[in-house]
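One structure below.
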């Protein structure tokens, strides 16, 4: 009976740790997609690079930042799995603050990281994001798909007014 109890307790402890940290990957560090899902409530799964297409028919998408929306970064040579980050504050039409995991530091979480739209047409298709190791915006722009909103795909979505924050919403 003691061996059974020990095995059962170990199993429950393992399950409890996994259930308690849904954004933790098998390697023991946070990944961007489960972390974004956890804090945004947007229930998309799989690689971040697939979120934009997976959102079709489920969530509204667009090119205007909105607090709580997920900014979807496209897959690229330097970022094959893509990236997703949650808008925590709108600073201006071309600058937001993001909360995300696994960007500047492996498995690390960054709150209110600066992101700037550097696309020629102002459509958030090219974005520079704060990169901790250099203490500035990244040196290259990252291709972005746009924003995925927590509202249903059929809802009309308007951008949150400039200067508001996730906490004041």
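For the reader, a short list of remarks on this structure follows.
- In the set (1) assigned to a strand (DSSP E or B); (2) more than 14 Å from the chain's Cα centre (by Cα), the condition left unmet by residue 85 is number (2).
- Residue within region 134-145 that is at pLDDT 95 or above, surrounded by fewer than 18 Cβ atoms within 10 Å (Cβ to Cβ) and out of contact with any strand residue (DSSP E or B) (no Cβ under 9 Å at 6 or more places or on another chain) present: yes
- Every residue from region 55-75 that is touching a strand residue (DSSP E or B) at 6+ places or on another chain (Cβ under 9 Å) and more than 22 Å from residue 95 (Cα to Cα): 55, 58, 59
- Scanning region 98-119 for residues that are free of Cβ contacts under 8 Å to residues at least 40 places away in the same chain, in contact with a strand residue (DSSP E or B) (Cβ under 8 Å, 6 or more places away or on another chain) and farther than 14 Å from residue 79 by Cβ gives 98, 110, 111, 112, 113, 114, 116, 117, 118, 119.
- Flag for residue 100 being surrounded by 15 or more Cβ atoms within 10 Å (Cβ to Cβ), modelled with pLDDT of 95 or more and assigned to a strand (DSSP E or B): yes
- Put simply, of 57, 28 the only residue that is on the phi > 0 side of the Ramachandran plot and modelled with pLDDT under 95 is 28.
- Looking across region 35-48 at every residue that is in contact (Cβ under 8 Å) with a residue 60 or more places away in the chain and either assigned to a helix (DSSP H, G or I) or surrounded by fewer than 20 Cβ atoms within 10 Å (Cβ to Cβ) (or both), the one that is farthest from the chain's Cα centre (by Cα) is identified as 41.
The values are calculated or read from the model by the stated rules, or taken from the named source; none is laboratory data. Just so we're clear, the structure is a prediction, and the values are computed from it rather than from any experiment. Glycine also receives a Cβ, built like all others from the backbone with ideal geometry; neighbour counts cover every protein chain displayed.
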